[in-house]
Every structure is written in structure tokens, then in C-alpha cells.
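**Student:** Right, I'll just put the structure down here and ask away after.
The values are calculated or read from the model by the stated rules, or taken from the named source; none is laboratory data. Quick caveat: nothing in here was measured; it's all calculated off a predicted structure. Because the Cβ atoms are built from the backbone with ideal geometry, glycine has one as well, and the counts that use them run over all protein chains shown.
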Amino acid sequence: MKIECIRTHHLRHRLDEPFGFSQWTYDTRNALLVEILADGGIAGWGECYGPAEVNQAAVAGFYAPRLLGKDPAQIDVLWHEMWRASLDFARGGVMMGAISGIDMALWDLKGKALGCSVSGLMGGRYHESVPCYATGMYFKKLPEDALIEALAREATGYRDQGYRALKIKVGKNVAFDLRLIETIRDALPEMTLMADANHAYDLPEAIRVGKALDEARFAWFEEPLSPEHPELHRALHEKVDLAIASGECEQTRFGFQRLLGPGGVQIAQPDLAYCGGPSEALKIRAVASSHGVNVIPHVWGTMLNLAAATHLLAASYREPGRAEMPAPWLEYDRTPNALRDEIFETSVRIDDGSARVPPGPGLGVLPDRSAMTAFQVHQTEVR
């Protein structure tokens, strides 16, 4: 096969109601989809995490011209060609997000060409379905008492939908966070709970909130600290019992070695649309395994990224391994997202809080071109 054409699709949807977290508020969802066509008509689809306009320029203007005419089945070769081409100025950051979307599309294309799922290409499945945890409980413009009540209602709603785990947002302010933690645990005494601060705290604040999470029996504390100071995770872990999770801001095996090397992080969270794609996620998993750390991907965006994470988890084992091994958790964002829910002919099937691994070749999900039209901002095509 040869790569004949690479298209990008910048999609946008304005939300009916904004939602926020510790850093800022969203009123619009954007996505950049990458479509790679081989001679013979097979198309692979991928997704980039990060600013869509910038990712689009990087894919269309820099990487795509270097890939035309190449064999799309040579995924690792193409990854390293892209890596070397931008090594001097893009060892991480937005351009790695662009590489990630291209890489994801190449895995999808290769799977379709071979009639094999991405998890099959990754070595085979340990699981045919993966339990989801619902991500939600974002902040809205309400008085704090009313906001806590609203978030508790939202959380119990996920339980009623069949989810057995969920992740709340913290990092608004410490006093509010402590009240929210206690309220959610009281409302859901048997639920598996996680908390995500989106790197909101300094170390003393993180210790205080982490101890509250310990007392409330939360499973993990996500991004409690700035990604610029990986060494502080160890200092935090020495003060709290629950697992520390981090890595959605990190990229490549080299970045995760820097994150995990100092110790303190027990759950690594690469995003397959940002970390370097499925190719690099497998290498990150190997680095994490060498530290005795499990990988649970961060998932944001459309069905493409959700499917990629589902395949990775289905093909992953748990450290250190035992006879009775629980399946890994899959993040399932429950915030409103038309770019996830309204533009796909084939989607990841969610039943009773679990995701079925897509059975088709490649990623097993397929965008609907006609449905995409209503959300299209800008399209590029490189031949």
C-alpha cells in the first residue's frame, strides 16, 4: 500500500451550557480528526488532542507532505520519521499531538487492511469488555451550596445508569473541595470514587485534600500537583495512602520516564491522542511496567480516542498480576459532546457501565461524513 491522501477535519460545537474545572471554563468543544487514505480506497481515522487549529497546521503543513507515497503499514518507521523531522523543536507539545492523530489513523488503516482489530495488532485481548468510570461533576456558575447539591445529584444519576465508579472534579478551592468530597461519599457509600484536581494544588494543599480523600476511601487522586514538578508526587505519596495518578499532560516514553522515575505516581495516564499515539502508548506501558505502575489512559474528545483507549486496555495486563485480576477502568467522559455522540456511524457500545471492545477491524468506529458537515470549521487535503 501507499499513502495517497491525508485530510484533516476541524470540527466545532458550541455548548448549550458552559462547564468548568480548576483551570478554566469550556463553552465550545473542538476536535481535529485525521483521515489517511491509501491506494485501494482504505481509510484510517485518528484524532488529535489539543488546539485544533494548531494541530491542523502541523498535520497538513509539516507532517503530511513527508508521508505521501509511503507504506502506511510501516507504522513504527513512519513514527520515527516524523519524530526525527521535528526533533529539534518539537520533542513535546502540540506537534506531538499532531503525530498522535496521524499514528492513530495509521493503526486504524492497518487494522482495516488486515481485517484485524487494533487490540489484535497490539498482541491480543485479555478482555472483551472494559468497565467504565464516569467522568463528570464539572463546576457550573451556581452558589457553592447549590453547586454541591447539583453535583451530588449528577453523581447519583451515574450510579442509577449502571456505572460502578465515577470521578469528580476538585480544585475549585480547598474549603469547597473538602465539603464536596464528604458529600459525594455520603451520597454514594459503596461507589468506587476518584478525584481530579487538574494540577490545582501546591504541595501543602494537596496533602490536606489527599488526607480527606483517604478518609473518604477514594481510589485515586489525579493530577494533584503541577506537571512541572514530578518530584513532588513522591513527597505527597509519603503523606497519603490512596494512589496518585498523573500523565495526561505528558508525552512519549521519555517524558513518562521523567514522570515515573522519582516515584510517587502509581497510575500513569497517557492520552492516546496526545502522548504520541497508540505506538508510543505501548512504549509508555512498557516504561510504566518497568516501574511496577499500571496504565489507565486519559480519554477526552470523540469516539476515536475512546475506541483507541478501549483497545489498549483490552490488550493490557495489570501489574503485578494474579489469578483473580480485576479489569482496568476506562474513562468515559459524560459531559455534553455532540462531536462524540452525533457524528459516528459506528460507536463504542456502552452497556450497564461497561464498554464492549469494538469488534470490527481497526479501531472499529467510523465517522459519518454527512453528520460531520454541520460541525465542519475547516478541512485540508494533501495529495
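**Student:** Could you name every one of the helices (runs of 4 or more DSSP H) located completely within the stretch 289-383 that has at least 1 residues being modelled with pLDDT of 95 or more and either among the acidic types (D, E) or within 24 Å of E223 (Cα to Cα) (or both)?
**Tutor:** Fully inside the stretch 289-383 and qualifying: 303-314, 338-341.
**Student:** Could I ask something else about it? Have a look at M104, M137, M95 and point out the one that is outside the structural domain of R318 (by TED's automatic domain parsing), within 30 Å of R164 (Cα to Cα) and under 23 Å from the mean Cα position of the chain (by Cα).
**Tutor:** M104
**Student:** Please go through the stretch 274-323 and pick out each residue that is on the phi > 0 side of the Ramachandran plot and in contact (Cβ under 8 Å) with a residue 40 or more places away in the chain.
**Tutor:** Within the stretch 274-323, G276, G277, G301 meet the criteria.
**Student:** Determine whether A85 is on the phi < 0 side of the Ramachandran plot, small (G, A, S) and free of Cβ contacts under 8 Å to residues at least 24 places away in the same chain.
**Tutor:** Yes; evaluated as a whole, the condition is true for this residue.
**Student:** Okay, moving on. Can G321 be described as among the small types (G, A, S) and either farther than 30 Å from G264 by Cα or crowded, with 24+ Cβ neighbours inside 10 Å (or both)?
**Tutor:** Spelling it out, it is not the case that G321 is among the small types (G, A, S) and either farther than 30 Å from G264 by Cα or crowded, with 24+ Cβ neighbours inside 10 Å (or both).
**Student:** Could you grab the pairs with beta carbons closer than 9 Å, sequence gap of 6+ or different chains, first residue in the stretch 100-118 and modelled with pLDDT of 95 or more, second one of a type in the set (D, E, K, R) and surrounded by 24 or more Cβ atoms within 10 Å (Cβ to Cβ)?
**Tutor:** So the pair list comes out as S100/E47; S100/D271; S100/E280; G101/E47; D103/E280; M104/E47; A105/E47; V118/D108.
**Student:** Do you know which residues across the stretch 1-16 are under 16 Å from L339 (Cβ atoms) and either among the acidic types (D, E) or outside any strand (DSSP E or B) (or both)?
**Tutor:** D16
**Student:** Just checking, how many residues over the stretch 171-183 are of a type in the set (G, A, S) and either more than 27 Å from the chain's Cα centre (by Cα) or outside any loop (DSSP other than H, G, I, E, B) (or both)?
**Tutor:** First, the residues of the stretch 171-183 that are of a type in the set (G, A, S): 171, 175.
From what's left, either more than 27 Å from the chain's Cα centre (by Cα) or outside any loop (DSSP other than H, G, I, E, B) (or both): 175.
Qualifying residue count, the stretch 171-183: 1.
**Student:** Got at least one residue in the stretch 324-338 being without any contact (Cβ under 8 Å) to a residue 60 or more places away in the chain, in the same structural domain as E222 (by TED's automatic domain parsing) and on the phi > 0 side of the Ramachandran plot?
**Tutor:** no
Let's see how each residue does on (1) among the aliphatic types (A, V, I, L, M); (2) within 30 Å of E228 (Cα to Cα); (3) in a helix (DSSP H, G or I):
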site	(1), (2), (3)
G50	no, yes, no
A58	yes, yes, yes
P65	no, no, yes
D71	no, no, no
I102	yes, yes, yes
D108	no, no, yes
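**Student:** Any chance you could count how many residues in the stretch 251-288 are under 19 Å from E222 (Cβ atoms) and basic (K, R)?
**Tutor:** 2
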